[in-house]
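Attaching a single structure in structure tokens format; questions to follow.
The values are calculated or read from the model by the stated rules, or taken from the named source; none is laboratory data. No experiment lies behind these values; they were computed from the predicted model shown. Cβ coordinates were reconstructed from backbone atoms using ideal geometry, including for glycine residues, and neighbour counts include every protein chain displayed. When the accessible area is computed, the model is the full protein with side chains, heavy atoms only, and any ligands, DNA or RNA have been set aside. Shrake-Rupley method; radii C 1.70, N 1.55, O 1.52, S 1.80 Å.
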Amino acid sequence: MDPYIGCLTRRSIMAVTDEAIEKIKGMIVSGALRPGDRLPKESELAADLGLSRNSLREAVRALSLIRILDVRQGDGTYVTSLDPQLLLEALSFVVDFHRDDTVLEFLAVRRILEPAATAQACSRISDTELDALGAQLDALGEAPS
């Protein structure tokens, strides 16, 4: 087979898988699928999203690797709790495999995301949660690592 054709085929497969991932992500972001919800049967979901079952399977496999979805043999596929700690574990796994120069890029992204996440948390925190957070900080002592 011509290597150019093979490359185009891989790219088109990836594009279809990316489309499938985006469609499932859209369902989660819109609230159509919530944490703990079971996804519809593969054939139904593929038809609803206008995807082939193969591209849907690839998307589910990718989303399960980053812990967005939980595939339970014989029981179905579920949206995980979407707990930030669970999702960060998947990200840290990816970071561990990158070269040192790439880690600097991750740190640059963190510098952008963390202030926004902190601002959002500050606008949502209750007085009780703020007191509990203060107690945890006090427990660290004068010179935390």
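Go over the candidates L69, L63 one by one and state the one that is at pLDDT 90 or above, under 25 Å from E105 (Cβ atoms) and open to solvent by less than 80 Å² (accessible area, probe 1.4 Å).
L63
Consider T17 against the criteria (1) open to solvent by less than 60 Å² (accessible area, probe 1.4 Å); (2) free of Cβ contacts under 8 Å to residues at least 24 places away in the same chain; (3) more than 14 Å from T77 (Cβ to Cβ): it satisfies all of them except one. Which criterion is unmet?
Failing condition for T17: (2).
Cβ-Cβ distance below 9 Å, separation of 6 or more or different chains: which pairs start in the stretch 80-93 with a residue that is more than 18 Å from G31 (Cβ to Cβ) and end on one that is open to solvent by less than 80 Å² (accessible area, probe 1.4 Å) and among the aromatic types (F, W, Y)?
Short answer, once both residue conditions are applied: L91/F106.
Give the stretch 109-130 a look and list any residue that's surrounded by 10 or more Cβ atoms within 10 Å (Cβ to Cβ) and modelled with pLDDT of 90 or more, or say none.
I125, E129, L130
Taking into account only those residues within the stretch 18-68 that are of a type in the set (G, A, S) and within 13 Å of the chain's Cα centre (by Cα), which is farthest from D83 (Cα to Cα)?
For the stretch 18-68, the residue satisfying everything is A59.
Still on this structure, please answer the following. Cβ contacts < 9 Å: first residue free of Cβ contacts under 8 Å to residues at least 60 places away in the same chain, restricted to the stretch 133-145; second residue part of a helix (DSSP H, G or I), any location; separation 6+ or different chain. Result?
These pairs meet every condition: P144/L137.
Pairs under 9 Å by beta carbon, first residue of a type in the set (F, W, Y) in the stretch 24-51, partner in a helix (DSSP H, G or I), six or more apart or different chains?
Once the first residue is of a type in the set (F, W, Y) and sits in the stretch 24-51, no partner that is in a helix (DSSP H, G or I) comes close enough.
Let me ask another. Scan (1) modelled with pLDDT under 85; (2) within 30 Å of E42 (Cβ to Cβ); (3) among the aliphatic types (A, V, I, L, M) for the single condition V79 breaks and write down its number.
Unmet for V79, out of (1) modelled with pLDDT under 85; (2) within 30 Å of E42 (Cβ to Cβ); (3) among the aliphatic types (A, V, I, L, M): (1).
If you don't mind, there's one more thing I want to ask. Quick test for you: out of D83, D138, pick the one residue that is surrounded by 10 or more Cβ atoms within 10 Å (Cβ to Cβ) and not β-branched (V, I, T).
From the options D83, D138, the qualifying one is D83.
Let me ask something else about it. Looking at (1) in contact (Cβ under 8 Å) with a residue 40 or more places away in the chain; (2) in a loop (DSSP other than H, G, I, E, B), which is the only condition R67 fails?
The number of the failed condition is (1).
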